[in-house]
Amino acid sequence: MERWRGRVALVTGASVGIGAAIAVELVRFGMKVVSCARDVGKIQKLAAECQSAGHPGVLVPFKCDLTKEEEILSMFEAIKEQHKGVDVCINNAGLAHPELLINGKTSSWKNMMDVNVLALSICTREAYQSMKERNVDDGHIININSMSGHRVVPNANLHFYTATKYAVTALTEGLRQELRAENTHIRATCISPGLVETEFALRFYRDHPNKAAGVYSAYKPLEAIDVANAVTYVLSAPPHVQIGDVQFQGTEQV
């Protein structure tokens, strides 16, 4: 990770859970991390904790609603003005609504598409353009995907969410092919964890707290730091190594 010290990373959805863990870990390794979310107060608290801990990097909170393209573009413009540009883009933000395919709400489907697919694509585009205009040839774009992007589980509440994650799998591979065609050494990686113990289940089953509590009963879930460690593993790979997809999950309870 030494070569990333002092360089700029963007982490989306960084107020809690996986995004927060990734942001703090990159700051611990000396990066300047622009962390965005709608609830910027939580990120400000994380920034203060990083500073108190004496981490060599810096965490920069940024308020951004990823469902609004104009806010994403404003964020990238601010990063350009204040920090020159993005060297690493980690598309972490994602959400799910328990909506079936046969009777789900269109508004919920659109919300998942806006965040999980479109915001990820917009951030990817803007990050690549930021790297290209500064002749950054060793940048990295990392999409936090899910094992749901690789198989369809028999849970109707997750089917539309699963479709958005399959899109992330396709988008990452498509990006890798486009980068190769551009003769750049910018890398693209998909990180696909299984069940992670975060606020995800509580939000997903907000109307059924008992279901949320039961999600973690059958398996020992991953922790957010496990995903953050996967990110640093990928970033630590030598320049000639392309890690396409990291898939991992927790273990069965014994």
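The values are calculated or read from the model by the stated rules, or taken from the named source; none is laboratory data. Predicted, not measured: the structure shown is a model, and the values here were computed from it. Using ideal geometry, Cβ is built from the backbone for each residue, glycine included, and neighbour counts are taken over all protein chains shown. Ligands, DNA and RNA are stripped out before the accessible areas are found, and what is left, the full protein with its side chains, is counted by its heavy atoms. Shrake-Rupley method; radii C 1.70, N 1.55, O 1.52, S 1.80 Å.
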Inset, instruction - Enumerate the helices (runs of 4 or more DSSP H) found wholly within the range 166-254, keeping only those where 2 or more residues are at pLDDT 95 or above and either touching a strand residue (DSSP E or B) at 6+ places or on another chain (Cβ under 9 Å) or among the acidic types (Asp, Glu) (or both). - result: 224-236
Legend entry - Any chance Gly94 is open to solvent by less than 60 Å² (accessible area, probe 1.4 Å), in contact with a strand residue (DSSP E or B) (Cβ under 9 Å, 6 or more places away or on another chain) and part of a loop (DSSP other than H, G, I, E, B): yes
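Can you tell me which residue among Ser108, Ser121 is assigned to a helix (DSSP H, G or I), of a type outside the set (Asp, Glu) and open to solvent by 20 Å² or more (accessible area, probe 1.4 Å)?
Values: Ser108 fails: open to solvent by 20 Å² or more (accessible area, probe 1.4 Å).
Going through Ser108, Ser121 in turn, just one is assigned to a helix (DSSP H, G or I), of a type outside the set (Asp, Glu) and open to solvent by 20 Å² or more (accessible area, probe 1.4 Å): Ser121.
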Inset, instruction - Filter the range 24-47 down to residues that are part of a helix (DSSP H, G or I) and either closer than 18 Å to Val8 by Cβ or hydrophobic (A, V, I, L, M, F, W, C) (or both), then give me how many there are. - result: 9
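Would you confirm, using the coordinates I've provided, whether Gly104 is within 14 Å of Val11 (Cβ to Cβ) and free of Cβ contacts under 8 Å to residues at least 60 places away in the same chain?
No, not satisfied.
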Inset, instruction - Check whether at least one residue in the range 57-72 is more than 21 Å from Asn111 (Cα to Cα), in a helix (DSSP H, G or I) and open to solvent by 30 Å² or more (accessible area, probe 1.4 Å), and report yes or no. - result: no
